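**Q** The following block contains the structure, expressed as structure tokens.
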Amino acid sequence: MVNHEEATTSGESQFQLLEHQVAGHGGVLSVGEGKMVAKPLIKREQEFYEASAQCAKFKAFIPEYYGTLQQQDGDGSSSTADSSYICLENLTDGYEKPCILDVKIGTRIHDIDATPEK
């Protein structure tokens with residue numbers, strides 16, 4: 001398990017596409033036996049989870065943050081620039097047919113740092 005620091009893994013055998021993804025950017029992976037998910041790393045999201053770890057009351061409402069993961073090819077090199085992931089607890093683990101609600105709070109539907117195209 002990754003523990004609040006960068007780790008490295010080789011090969012693709014422990015990575016599978018997340019079966020129950022309902023929203024967000026594609027490319028979310030289930031890691032190992034499905035207890036952890038790896039999402040393509042977005043720096044701002046990483047900063048959010050790292051800061052949230054300091055607030056015990058809020059932390060109870062979000063997935064456990066395990067850190068980051070760098071996926072590498074068998075030769076030890078990173079396969080692409082998109083091979084960095086943020087690792088979180090898989091809240092759907094253990095459910096056969098999880099019911100998932102993706103709620104956004106607020107009135108703005110884009111990030112203030114988003115490009116004009118978005």
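The values are calculated or read from the model by the stated rules, or taken from the named source; none is laboratory data. Computed from a predicted model, the values in this text were never measured in an experiment. Note that we place each Cβ from the backbone using ideal geometry, even for glycine, and neighbour counts take in every protein chain shown. All accessible areas refer to the heavy atoms of the entire protein, side chains included, with ligands and DNA or RNA removed. Shrake-Rupley method; radii C 1.70, N 1.55, O 1.52, S 1.80 Å.
**Q** Once ligands and nucleic acids are excluded and a 1.4 Å probe is used, how much of residue 17 is accessible, expressed in Å² to the nearest 10?
**A** For residue 17, the solvent-accessible surface is approximately 130 Å².
**Q** HN-Hα J couplings of region 36-50 from phi, Karplus 6.51/-1.76/1.60, θ = phi - 60°, integer Hz, Gly and Pro as x?
**A** Per residue, the Karplus-derived 3J(HN,Hα) values read 9, 10, 10, 9, x, 5, 10, 3, 5, 5, 4, 4, 4, 5, 5 Hz.
**Q** Taking amide H atoms as placed 1.01 Å from N in the peptide plane, list the residues 5 or more away in sequence, or in a different chain, whose amide H sits under 5 Å from that of residue 36.
**A** Placed amide hydrogens put 31, 90 under 5 Å from residue 36.
**Q** Let me ask you something else. Given R₀ = 22 Å, FRET efficiency for residue 58-residue 114 by Cβ-Cβ distance, to 0.05? Intermediate values should be presented prior to the final figure.
**A** Details: r = 25 Å, r/R0 = 1.11.
According to the calculation, E is roughly 0.35.
**Q** Run the simple label-point estimate for residue 72 and residue 93 please: 7 Å along Cα→C-beta, distance reported in nm.
**A** About 2.4 nm separates the two model spin labels.
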